[in-house]
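Taken together, the values in this text are just the output of simple stated rules run on the coordinates, not laboratory data. If you're wondering where the values come from, they're calculated on a predicted model, not measured in any experiment. Note that each Cβ is placed from the backbone with ideal geometry, even for glycine, and that neighbours are counted across all protein chains shown.
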Amino acid sequence: MITVEVPGKLYIAGEYAVLEPGGAAVLVAVDRYLTVSVSPAPPASRTVTTARTGDRRVELARRDGRSVVADDDPATTAALRHVLAAVDLVERYAFECGNESLGFHLGIRSELDERETGRKFGLGSSGAVTVGVVRALAQAYRFELDEQALLRLALLVAFAVDPRCSGGDVAASMLGGWVSYRAPDRARVAELFARNDTRLADLVERPWPQLSARRVPAPRTVRLEVGWSGHPAVSSGLVEKLRRGIAGDTSAYGRFAAASNACVATLVAALESGDDASVVAAVASAGALLRAVSGLAGVVVETAELAALRSVAETLGAVAKTSGAGGGDCGIALVAPADAQQLQQRWRAAGILPLELRVHQPFSARGQYQ
């Protein structure tokens with residue numbers, strides 16, 4: 001059996017602007033995990049078990065060259081859309097490499113959501129399951145792909161499911177630690193992917209224009225704290241609302257994207273030089289940019305709960321902001337370690353749930369396919 005643990009993610013800076021080609025962001029991988037196990041099975045057998053489908057064993061079939069849920073249940077198909085896309089692309093790559101198709105059982109377990117209710121924290125479960133299935137099946141097939149090639153394969157899966165996603169969550173879950181990410185031109189990647197003469201291996205094994213994902217050092221003198229607003233957010237809906245809200249003023253959105261990319265560049269340089277004062281200032285600027293663009297578009301990114309999270313942190317001299325698309329989910333703070341406990345107490349008093357999260361260091365996997 002192969003077992004891989006994949007961390008969740010949080011955005012530090014670069015939200016929304018990272019959706020543009022070459023858009024930049026900084027994210028962190030956190031120590032809440034999605035676990036994918038692969039067990040061998042007869043060649044024609046491909047099954048999946050996950051809490052999202054009631055922990056029942058779901059059989060997969062192939063129709064018209066694609067993996068589908070054998071019983072065609074729409075709810076199950078929706079719940080497994082990233083799994084199905086990952087299986088398809090991994091098997092396509094295996095076919096190009098001359099490998100015979102494997103039989104397997106995928107077992108997927110997640111602690112990225114609230115255990116008692118299943119409510120989402122916004123820790124990137126879609127990106128994590130994409131990375132988990134790709135990494136686990138790549139090991140089962142014994143692909144000789146480095147981390148960056150695996151990232152490109154996982155990004156192709158993510159873009160196949162949602163062509164509008166940035167891929168930042170995939171990069172954070174793949175690399176671990178603090179991650180500097182620059183998004184590729186997704187339209188160009190999709191165009192190449194759709195061409196009849198394109199080999200998947202060419203897209204996986206060669207660098208993409210504009211795409212960059214690498215680890216950067218963590219801050220040294222401030223601590224990352226995470227608070228949950230108590231309300232899940234649906235990022236795709238917020239993205240569409242923001243895009244519609246500023247459609248009539250493209251110059252304003254262009255200025256926002258340019259300012260966000262410059263802010264992220266400053267943040268990355270500060271992290272790499274160990275200048276924590278500049279790290280804090282850059283995160284504060286990133287939060288101000290988010291609030292400004294949301295006001296321009298008439299979209300609520302910083303909810304009342306997230307505003308309270310920020311306000312409480314600022315009373316302690318910390319910097320805080322919404323993490324991700326907003327409208328719910330989490331906020332982050334960079335705080336002096338000596339003030340972290342007091343921040344958590346004040347958050348609780350304000351109705352914010354502190355999440356006991358720490359930064360996950362680079363990915364590790366264990367087990368063998370036997």
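Couple of notes before you dig in:
- When the charge dipole of the chain is built from unit charges on Cβ atoms (+1 for Lys and Arg, -1 for Asp and Glu) and taken about the Cα centre, the candidate among G8, Q342, L203 whose Cα reaches farthest toward its positive end is Q342.
- Here the simple spin-label model places points 7 Å from the Cα toward Cβ, and for R66 and Q345 these points are separated by 5.6 nm.
- In order through segment 336-350: 3J(HN,Hα) via Karplus (6.51 cos²θ - 1.76 cosθ + 1.60), integer Hz, x for Gly, Pro: 4, x, 5, 9, 4, 5, 5, 4, 4, 4, 5, 4, 4, 5, 8
- Loop-located GluC sites (Glu not before Pro) across segment 55-155 with a Cβ neighbour count of 12 or fewer within 10 Å are E100, E116, E144, with loop assigned by DSSP.
- Per-pair calculated FRET efficiency, R0 = 35 Å: R358 and R164 via Cβ, rounded to 0.05: 0.70
- Taking the Cα centre of the chain as origin and assigning +1 to Lys and Arg Cβ atoms and -1 to Asp and Glu Cβ atoms, the resulting dipole is close to 140 debye.
- Order of D55, D31 under a 10 Å beta carbon neighbour criterion, fewest first: D55, D31
- Each label point was placed 7 Å from the Cα along the Cα-to-Cβ direction; for D55 and A292 their separation is 5.0 nm.
- Considering only trypsin sites (Lys or Arg not before Pro) in DSSP loops that have at most 15 other Cβ atoms within 10 Å, the longest stretch of the chain without any of them is 221-357.
- Per-residue ellipticity at 222 nm, computed for the chain from helices alone with -39500 (n - 2.57) per DSSP H run of at least four residues, works out to -13500 deg cm²/dmol.
- Among G295, N261, A277 the positive-end extreme of the charge dipole of segment 223-355 (Cβ point charges): G295
- ³J(HN,Hα), Karplus 6.51/-1.76/1.60, whole Hz, each residue of segment 275-284, x for Gly, Pro: 8, 5, 4, 6, 4, 4, 5, 5, 5, 4
- Label-point separation in nm, M1 to R206, each point 7 Å along Cα→Cβ: 4.1 nm
- Among (i) 24.8, 85; (ii) 20.5, 61; (iii) 23.0, 83, the entry that matches Rg and Dmax of the Cα atoms in Å as calculated here: (ii)
- Taking amide H positions as modeled 1.01 Å from N, with prolines and chain starts lacking one, the residues under 5 Å from F104 and 5 or more places away or on another chain are A41, S45, R46, T47.
- Gyration tensor verdict on segment 223-355 (Cα atoms; rounded if a/c is under 1.5, prolate if a/b is larger than b/c, oblate otherwise): oblate
- Residue order, fewest to most surrounding Cβ atoms within 10 angstrom, among C165, C97, C330: C97, C165, C330
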